[in-house]
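Chemist: Please find one structure pasted underneath; my questions will follow.
The values are calculated or read from the model by the stated rules, or taken from the named source; none is laboratory data. Every value quoted in this text rests on a predicted model; they were computed, and no experiment measured them. So basically every Cβ, Gly included, is an ideal-geometry build from the backbone, and we count neighbours across all protein chains shown.
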Amino acid sequence: MSQRNLIGTTLGRFEIGRELGRGGMAVVYEARQTDLDRTVALKVLSPALTHDASYVARFQQEARSVAKLEHPHIMPIYEIGEAEGVHYIAMKYIAGRTVKELIQSRGVLTLPHAARILIQVAAALDHAHRQGVIHRDIKPSNMMITDDGWLYLTDFGLARGTGADARSGLTLAGTVMGTPEYMSPEQAQGSSSVGPSTDIYALGVVLYELITGTFPFTGDTPMAMLSARLMEQPIPLRAVRSDMTPDVEDVVMRALARNPDARYPNAMALVEALRSAAGIGTDELPRGATPATGSAMVDATIKIPAPTPPPTPPYVRPSPPPPAAAPQQAVRPAPYPQPPTPPPAPPPTTRPRNLAVIVGVLGVICLGLIGIIAAFFFWPAEVAPPQTALVNGADPRMLEVLKSADQLLGDPNDGLSAAYRSYQNLAAEFDDHPQILERWAMAAAARGDWATTQGLSERISTMAESSDEQAALGYALLATAFTNQGNLTHAEEEAEQALAYGENLALTYAVWARLRSERALMLGDTEILEQALVRLDQAVDLLGNEHPLQRALTHSALAATFANAYRIGSDVSYFEQSAEQYEAAMDLLPSAGFFQLELAQLYVDASEPDEARALYEDARRRDAEVSHHALVGLGWLAFSAGEDDRAADYFAQAIAANPAWYEGYFGQARLHVVHNNIDAAIEHLNAALERNPYSSLVYAWRGEAYFWKGFDSEGAQANQYFERSVEDFTQALEHDPLNSFAAAGLGWSLQSLERYEASVAAFDQALALASWRDDAHSGRGWSLYNLGRYQEAEAAFREALALYDGEAQYQINLGLTLEQLGRRDEARSAYAAALELDANNAEAQELLAALGE
């Protein structure tokens, strides 16, 4: 039976348009999903295979494989179904081309350009591998890339699981499945035990092709191609590209090693090795985003043809999102959403470990060691000994002096600071023993000293002398440090590492729960919140006799999780549980003021500024080390109350108290934006980013400031400012893909550069994160208008008006669109509505007069 031509027909809820591509199993069409009025890519199984149960199963397996892979660089699947005997998969429609088409049109790529592609594929592959899914058909034609350089990995039709999933029986041992040019030796032999290294090999072939335009093996037939990789060495890279260095060639050759164990341990390791060998700076590579989201990444080498549009109307300044519980326009919005987000720093180092051997042996050894060491520790005398790694060759004198330092923590006056100084001195005396470093890092975290926490934690988590529990603690503290510096992307990565190494540590579950609750808060997603609460319960179950610093930080993370649950649903019981957890942390470390600051923010969100103010003042009295944090909190309280002079004074005091911390500068910048002092705002934002290069929020506000610089300029200079704003908004999204303010700002900036398709994509991202953003609906509408997609533009403007009907410009935009659709009477009504909102609006007056009676 030949493939049925479905163009122009309706299949279930899908109106099928043009053909996008076809393969041996299926044809992909562009289609419109009628009930949701959206464009999709519809993959339809060939009728000739409909009655073949194995092909139907494989087709359905593709959907199941991808459905459990929630990642921004994996093609999203909307649904799988059957209609009129035809099996189909509805997927996200991507306006772009395959990487194969890209290299066919452009020839060989530069190493940085190849790396920009590979890092996105690597992020997707490593995520799939962590979920137990092997792709098995990695090749450029299964990579879709948008005009802005954003990549989606597609076609999991040959994917299979590991472990039990690998024995599903959909592919028999000895059956060769895949594309010969990219297949690994073990795949070419039809092995039934292919693993992640098979995809690493294929990625190495893709890299070879991207930078040479050819393949590492040659053959006249597919079988010859397969046999070559089993019997011959790859053609040396420098035999094809003499300008490549030996180091780059070594990277490619390792990826193409015949022995799977000799290849890179994961896909990102291959990219990092390439970056190092080629001297590609981290600023030249995009950072992988977190699952379910993705930043709108702009590839400057790919330009979008811009139509000649009518003049863009003035951009209505977007307000930052209102509190999550009440998505509506705020008169004076809170200074920032909730915790900040992530930076371009080197990806975390994965500590080599052989779980099969280590877990069983260490489990027995550690039980004996804990009993031996217990005599050296107590906190205070009646509390059981801490559970963090205790020996590591420590001599009795070190344990004794460390115990003395621990006992300082109970002093309600200066205990935490005194202990911190002792740990610092002991680290120098005992050659940075990991047991001392972990105490020092936890004390730094309890003081809100995130730069020190980060530096120490990175050392702990990667030291050869650290036990798995110490590494887990290091990763958990790293996650906490990144969270508080505004880097949620890296925080989530570190939290996953913490769980991998510390399955029995309450802190690792508490930190993971907190980060999951941050995502739930930003998306307003109660299902994600439930995931956080499950991990929270696990943390509570494990919380026992850990060191008091570790327990206090665990209580703090639990409190933050409960606080986010309260912010999502305003459930008072969550508020109470959050406050109880903060109180527990304060009881353990009575001289620490940082937990008061966190509790104060909870009262801010509960609209109890007096309680919050009292807590900020108490934190200042209790702990001089957090005075700058408390002053910033008082500054934001004044800012929210419209007391700008008082806010400026508090922010200035915060800078004086700790010139190295960024928040005082950020507060001053926000005040300058309010008063339209854009140059002064940029100066303070630069100062903030010098001190904290991890804050998504600061990058987003600098992007906003540069946007207004461009808006008030002309010609080439205006475009330079708009390009700067694109860079900053993109950077903000790399640090926090959930930042809807940054996504909307990116949309406006791209629109100002007449890059309308990219602008629509950015607005789509903003609205996926925060559907209540009327400014994003309006911006999306104007970009669609400039693309000549007037019906879609009308719908977007009406969405904006439904959310906020008090903006005259929205009515004017709607009227202009209705005129293009030939609906002059409706346009006249829209202009009249604009004049009702703003009787002196000259644009509305002129447009209405031009229509006549």
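Every residue, every condition in (1) over 26 Å from Leu738 (Cβ atoms); (2) modelled with pLDDT of 90 or more; (3) over 18 Å from the mean Cα position of the chain (by Cα), yes or no:
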{"residue": "Gln454", "(1), (2), (3)": "no, yes, yes"}
{"residue": "Ser461", "(1), (2), (3)": "no, no, yes"}
{"residue": "Glu465", "(1), (2), (3)": "yes, no, yes"}
{"residue": "Ala479", "(1), (2), (3)": "no, yes, no"}
{"residue": "Leu488", "(1), (2), (3)": "no, no, no"}
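Chemist: Picking from Phe639, Phe651, which residue would you name as being surrounded by 21 or more Cβ atoms within 10 Å (Cβ to Cβ), in a helix (DSSP H, G or I), among the aromatic types (Phe, Trp, Tyr) and in contact (Cβ under 8 Å) with a residue 60 or more places away in the chain?
Modeler: Values: Phe651 fails: in contact (Cβ under 8 Å) with a residue 60 or more places away in the chain.
Criteria check complete, one pass: Phe639.
Chemist: Moving to a separate point now. Taking the stretch 663-719 as the search range and keeping residues that are outside any helix (DSSP H, G or I) and within 22 Å of the chain's Cα centre (by Cα), which one is modelled with the lowest pLDDT?
Modeler: Tyr694
Chemist: Take the stretch 592-608 and flag every residue that is out of contact with any Asp or Glu (no Cβ under 6 Å at 6 or more places or on another chain), more than 20 Å from Leu507 (Cα to Cα) and not hydrophobic (A, V, I, L, M, F, W, C).
Modeler: Within the stretch 592-608, Gln601, Asp605, Ser607, Glu608 meet the criteria.
Chemist: Can you confirm whether the stretch 465-486 contains a residue that is surrounded by fewer than 24 Cβ atoms within 10 Å (Cβ to Cβ), outside any helix (DSSP H, G or I), free of Cβ contacts under 8 Å to residues at least 12 places away in the same chain and at negative phi?
Modeler: No; the residues of the stretch 465-486 include none that is surrounded by fewer than 24 Cβ atoms within 10 Å (Cβ to Cβ), outside any helix (DSSP H, G or I), free of Cβ contacts under 8 Å to residues at least 12 places away in the same chain and at negative phi.
Chemist: Continuing with the same structure: Take the residues of the stretch 4-33 that are polar (S, T, N, Q) and out of contact with any strand residue (DSSP E or B) (no Cβ under 6 Å at 6 or more places or on another chain): which is modelled with the highest pLDDT?
Modeler: Restricting to residues being polar (S, T, N, Q) and out of contact with any strand residue (DSSP E or B) (no Cβ under 6 Å at 6 or more places or on another chain), the top hit is Thr10.
Chemist: Within the stretch 292-308, is even one residue assigned to a helix (DSSP H, G or I) and either modelled with pLDDT under 90 or assigned by TED's automatic domain parsing to the domain that holds Pro196 (or both)?
Modeler: Checked the stretch 292-308: no residue is assigned to a helix (DSSP H, G or I) and either modelled with pLDDT under 90 or assigned by TED's automatic domain parsing to the domain that holds Pro196 (or both).
Chemist: What is the one condition in (1) in contact (Cβ under 8 Å) with a residue 12 or more places away in the chain; (2) within 24 Å of Ala444 (Cα to Cα); (3) assigned to a helix (DSSP H, G or I) that Ala565 does not satisfy?
Modeler: Every condition holds for Ala565 apart from (2).
Chemist: Same structure again: Just need a number here: residues in the stretch 726-760 that are farther than 21 Å from Asn487 by Cβ, crowded, with 24+ Cβ neighbours inside 10 Å and of a type in the set (Gly, Ala, Ser).
Modeler: Result for the stretch 726-760: 4.
Chemist: Could you name every one of the helices (runs of 4 or more DSSP H) located completely within the stretch 35-151 that has at least 3 residues being modelled with pLDDT of 80 or more?
Modeler: Because the criterion is at least 3 residues that are modelled with pLDDT of 80 or more, the helices (runs of 4 or more DSSP H) in the stretch 35-151 that meet it are 99-106, 111-130.
Table: residues versus (1) polar (S, T, N, Q); (2) more than 27 Å from Glu518 (Cα to Cα); (3) outside the structural domain of Ala481 (by TED's automatic domain parsing); (4) touching a residue at least 24 places away in the same chain (Cβ under 8 Å).
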{"position": "Asp736", "(1), (2), (3), (4)": "no, no, yes, yes"}
{"position": "Gln751", "(1), (2), (3), (4)": "yes, yes, yes, yes"}
{"position": "Ala762", "(1), (2), (3), (4)": "no, no, yes, yes"}
{"position": "Leu769", "(1), (2), (3), (4)": "no, no, yes, yes"}
{"position": "Asp774", "(1), (2), (3), (4)": "no, no, yes, yes"}
{"position": "Asn786", "(1), (2), (3), (4)": "yes, yes, yes, yes"}
{"position": "Arg798", "(1), (2), (3), (4)": "no, yes, yes, no"}
{"position": "Gly815", "(1), (2), (3), (4)": "no, yes, yes, yes"}
{"position": "Asp825", "(1), (2), (3), (4)": "no, yes, yes, no"}
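Chemist: Is it the case that the stretch 818-832 has a residue that's buried (at least 20 other Cβ atoms within 10 Å of the Cβ), aromatic (Phe, Trp, Tyr) and over 22 Å from Trp772 (Cβ atoms)? It would help to see each step written out before you state the result.
Modeler: Initial filter on the stretch 818-832 (buried (at least 20 other Cβ atoms within 10 Å of the Cβ)): 818, 827, 830-831.
From what's left, aromatic (Phe, Trp, Tyr): 831.
From the residues that got through so far, the ones that are over 22 Å from Trp772 (Cβ atoms) too are 831.
Scanning the stretch 818-832 turns up at least one residue that is buried (at least 20 other Cβ atoms within 10 Å of the Cβ), aromatic (Phe, Trp, Tyr) and over 22 Å from Trp772 (Cβ atoms).
Chemist: I've got another one for you. hydroxyl-bearing (Ser, Thr, Tyr), within 22 Å of Ala592 (Cα to Cα) and assigned by TED's automatic domain parsing to the domain that holds Ala427: does that describe Thr554? Show your work before the answer.
Modeler: Numbers: hydroxyl-bearing (Ser, Thr, Tyr): yes; within 22 Å of Ala592 (Cα to Cα): yes; assigned by TED's automatic domain parsing to the domain that holds Ala427: yes.
So Thr554 fits the description; yes.
Chemist: Residues of the stretch 495-532 being surrounded by fewer than 20 Cβ atoms within 10 Å (Cβ to Cβ), more than 14 Å from Gly569 (Cα to Cα) and over 19 Å from the mean Cα position of the chain (by Cα), which ones?
Modeler: Ala500, Glu503, Asn504, listed by residue number.
Chemist: Among the numbered criteria (1) modelled with pLDDT of 90 or more; (2) surrounded by 19 or more Cβ atoms within 10 Å (Cβ to Cβ); (3) more than 23 Å from Asp411 (Cα to Cα); (4) not assigned by TED's automatic domain parsing to the domain that holds Leu399, which one does Asp605 miss?
Modeler: Condition (1) is where Asp605 drops out.
Chemist: Within the set of pairs 6 or more residues apart or between chains, which connect a residue that is over 14 Å from Gly486 (Cβ atoms) and free of Cβ contacts under 8 Å to residues at least 24 places away in the same chain inside the stretch 442-459 to a residue that is part of a helix (DSSP H, G or I) and among the aromatic types (Phe, Trp, Tyr) with Cβ atoms less than 6 Å apart?
Modeler: Within 6 Å, the pairs are Leu456/Trp440.
Chemist: Considering every residue within the stretch 571-586, establish whether at least one is crowded, with 22+ Cβ neighbours inside 10 Å and either at pLDDT below 90 or not assigned by TED's automatic domain parsing to the domain that holds Asp525 (or both).
Modeler: No, that holds for no residue.
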